[in-house]
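Student: There's a structure below that I have some questions on.
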Amino acid sequence: MAHSDGFTPHERHSKPRYLADRRMLFAVAYFGYAFCYLVRNNLKLTSHPMAEELGISPIHIGFILAAFTIAYAPGKLLMGMLADRTSMRLMLASCVAISSMICFIIPFLHSFFSLTLAMALLGLVQGAGSPAALGMLSAWYPNSLRGAAVTVWNTSQNLGAAALAVFAMLVLDYFSNEWRLVFWIPASISLIFSIWLFIAGKERPWQEGHPTLTEMYGNAGLPHTDINLKDSYWRLLWSAFTTSPVLLALLFLNALLYLVRFGVINWMMFYLPEAKGLSLIQAQNIFATLELMAIPMVIIFAFIAWKWPASMCTVGIVSMLVLAGALLLYRNSDDAALTLYTAALLGGLFYAPQVIVNILTVNLLPARIVGAAVGAVGLSGYLVGEVLANLAIPRIAASYGWDSIYLILALTALLTAVLYCWLRPYEKRSVILA
């Protein structure tokens with residue numbers, strides 16, 4: 001049977017071989033994305049000693065870090081479209097390899113301009129990570145397992161970010177003047193690992209000598225959409241952006257989720273000391289607890305996605321209603337212990353609903369454009385949600401106080417619940433399980 005990419009397998013492998021290849025594919029997608037994060041936030045974690053040694057001001061450091069985000073957001077869309085049309089295995093391996101080389105070079109740079117350019121290039125390259133990895137999963141996992149696979153995969157970013165943070169803490173604690181090691185050692189390890197990614201990675205099933213998901217699972221293989229799947233890639237993409245309300249709803253939903261998440265996280269070090277009277281050490285402890293709670297909560301969501309794969313919108317609705325209440329509780333907490341417990345709840349409720357957006361993106365849109373769809377949804381989160389959180393939150397807090405911020409964020413959470421509710425009928429039509 002011929003396919004749209006012109007590849008016709010010469011033989012069909014057995015079902016056990018398919019399952020073994022799928023397990024390897026998941027390992028590549030998971031650890032590949034974890035290693036993306038091992039060479040991503042290095043400058044952020046070493047910015048203080050780096051700025052002191054190089055004589056760079058905090059304001060300049062802020063611009064350098066912003067260059068990453070500004071390039072990363074459109075990079076996800078551009079790299080997503082490239083992943084749809086080329087080898088996702090090569091895209092992910094190249095993302096890790098090129099990011100590692102940029103990360104290795106950064107400590108040799110000394111000017112504001114060169115560091116800004118390097119971080120912008122890193123952001124553009126890193127944009128390939130999630131579209132390539134999610135594209136792999138969408139091509140190999142049927143409707144009943146795709147949500148669980150995406151949910152477990154999502155913890156890879158927490159693993160990579162936590163590993164880098166622990167390594168940076170140890171290096172800066174024992175070798176305070178050797179901040180360059182936080183770049184060089186992770187970059188060297190990741191560069192070597194990228195070779196394994198290229199060798200062990202898999203292409204789409206039919207390119208590896210397996211049947212397609214539709215051939216293996218019938219209607220339960222791939223999502224069913226209202227978009228004409230017989231169109232060319234670019235017409236398919238144009239239809240998704242202009243005639244399908246699903247992608248537009250996902251763009252808006254992800255932007256709101258990022259606004260809520262970064263509206264809390266990016267300003268915790270200001271809010272907790274100013275509004276709650278907590279020390280900086282207490283604030284850092286609460287921040288760390290919030291981040292760590294994301295992992296077990298996402299694992300719980302993975303079980304839910306495996307058990308009820310066609311009910312992600314319902315789970316999203318409940319999550320956002322609970323999140324709205326947790327935001328108000330966080331706002332009204334009057335002691336450090338309650339604030340800590342509430343922040344722990346927020347940590348799980350920030351990340352798990354965003355996992356649901358990833359699941360809905362690969363479930364509600366055609367597999368042929370999943371890379372571009374993932375990239376576009378990610379772009380809206382960073383370019384709209386995070387930028388709005390960074391620019392609007394301090395201005396509103398300065399004019400109306402911090403209490404108004406959490407009331408606005410709670411109302412935003414309720415609005416996201418409405419969007420999940422609106423998307424629910426589309427999910428029921430799309431995710432057929434038998």
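The values are calculated or read from the model by the stated rules, or taken from the named source; none is laboratory data. Remember, it's a predicted structure, so these values are computed and weren't measured experimentally. For neighbour counting, all protein chains shown are included, and Cβ atoms are generated from backbone atoms with ideal geometry for every residue, glycine included. SASA here: full protein model, heavy atoms, side chains in, ligands and nucleic acids out. Shrake-Rupley method; radii C 1.70, N 1.55, O 1.52, S 1.80 Å.
Student: Look at T342 and say whether it is over 30 Å from P223 (Cα atoms) and either modelled with pLDDT of 90 or more or surrounded by fewer than 21 Cβ atoms within 10 Å (Cβ to Cβ) (or both).
Tutor: When the stated conditions are applied, T342 passes them.
Student: Restricting the search to region 148-160, which residues are in contact with a Leu (Cβ under 9 Å, 6 or more places away or on another chain) and crowded, with 19+ Cβ neighbours inside 10 Å?
Tutor: Passing the criteria: A149, V150, W153, G160.
Student: Would you check if T212 is touching a residue at least 24 places away in the same chain (Cβ under 8 Å), surrounded by fewer than 18 Cβ atoms within 10 Å (Cβ to Cβ), of a type in the set (S, T, N, Q) and farther than 30 Å from E52 by Cα?
Tutor: When the stated conditions are applied, T212 passes them.
Student: Any residue that is closer than 22 Å to A389 by Cα, open to solvent by less than 20 Å² (accessible area, probe 1.4 Å), in a helix (DSSP H, G or I) and of a type outside the set (D, E) - is there at least one of those in region 231-248?
Tutor: No: zero hits.
Student: Tell me which residues, restricted to region 83-114, are under 30 Å from I369 (Cβ atoms) and not in a helix (DSSP H, G or I).
Tutor: T86, S87
For (1) farther than 26 Å from M268 by Cα; (2) at pLDDT below 90, each residue gets a yes or a no:
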site: I299; (1), (2): no, yes
site: W308; (1), (2): yes, yes
site: S311; (1), (2): yes, yes
site: R331; (1), (2): no, no
site: L364; (1), (2): yes, yes
site: L379; (1), (2): no, yes
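Student: Can I ask one more? Against the definition (open to solvent by less than 40 Å² (accessible area, probe 1.4 Å) and touching a residue at least 12 places away in the same chain (Cβ under 8 Å)), how does L365 come out, yes or no?
Tutor: yes
Student: Continuing with this model, one more query. When you check L137 against the structure, is it under 30 Å from K307 (Cβ atoms), in a helix (DSSP H, G or I), among the aliphatic types (A, V, I, L, M) and modelled with pLDDT of 85 or more, yes or no?
Tutor: Values: under 30 Å from K307 (Cβ atoms): yes; in a helix (DSSP H, G or I): yes; among the aliphatic types (A, V, I, L, M): yes; modelled with pLDDT of 85 or more: yes.
Taking the combined requirement at face value, the residue satisfies it.
Student: Working only within region 145-197, note down all residues that are of a type in the set (S, T, N, Q) and more than 30 Å from W308 (Cβ to Cβ).
Tutor: If the condition is that a residue be of a type in the set (S, T, N, Q) and more than 30 Å from W308 (Cβ to Cβ), then S176, N177, S188, S190, S194 are the ones that fit.
Student: Might you let me know whether region 311-334 holds any residue that is part of a loop (DSSP other than H, G, I, E, B), on the phi < 0 side of the Ramachandran plot and in contact with a Pro (Cβ under 8 Å, 6 or more places away or on another chain)?
Tutor: No; the residues of region 311-334 include none that is part of a loop (DSSP other than H, G, I, E, B), on the phi < 0 side of the Ramachandran plot and in contact with a Pro (Cβ under 8 Å, 6 or more places away or on another chain).
Student: Follow-up. Under 6 Å between Cβ atoms, which residue pairs at least 6 apart in sequence (or on different chains) link something in region 61-73 that is closer than 11 Å to L383 by Cβ and assigned to a helix (DSSP H, G or I) with a partner that is open to solvent by less than 20 Å² (accessible area, probe 1.4 Å) and polar (S, T, N, Q)?
Tutor: Listed by first residue and then by second, the contacts come to Y72/Q126.
Student: Residues of region 272-296 being surrounded by fewer than 15 Cβ atoms within 10 Å (Cβ to Cβ) and more than 19 Å from the chain's Cα centre (by Cα), which ones?
Tutor: P273, E274, G277, S279, L280, I281, Q284 - these are the residues of region 272-296 that are surrounded by fewer than 15 Cβ atoms within 10 Å (Cβ to Cβ) and more than 19 Å from the chain's Cα centre (by Cα).
Student: Looking only at region 252-267, decide whether some residue is open to solvent by 70 Å² or more (accessible area, probe 1.4 Å) and out of contact with any helix residue (DSSP H, G or I) (no Cβ under 7 Å at 6 or more places or on another chain).
Tutor: Checked region 252-267: no residue is open to solvent by 70 Å² or more (accessible area, probe 1.4 Å) and out of contact with any helix residue (DSSP H, G or I) (no Cβ under 7 Å at 6 or more places or on another chain).
Student: Of the residues S430, S399, which is open to solvent by 10 Å² or more (accessible area, probe 1.4 Å), of a type in the set (S, T, N, Q) and over 26 Å from T69 (Cα atoms)?
Tutor: Numbers: S430 fails: open to solvent by 10 Å² or more (accessible area, probe 1.4 Å).
Exactly one of S430, S399 is open to solvent by 10 Å² or more (accessible area, probe 1.4 Å), of a type in the set (S, T, N, Q) and over 26 Å from T69 (Cα atoms), namely S399.
Student: Further question on the same structure: Can you pull out the residues in region 161-187 that are open to solvent by 30 Å² or more (accessible area, probe 1.4 Å) and in contact with a Phe, Trp or Tyr (Cβ under 7 Å, 6 or more places away or on another chain)?
Tutor: Correct list: A161, L172, L181, W184.
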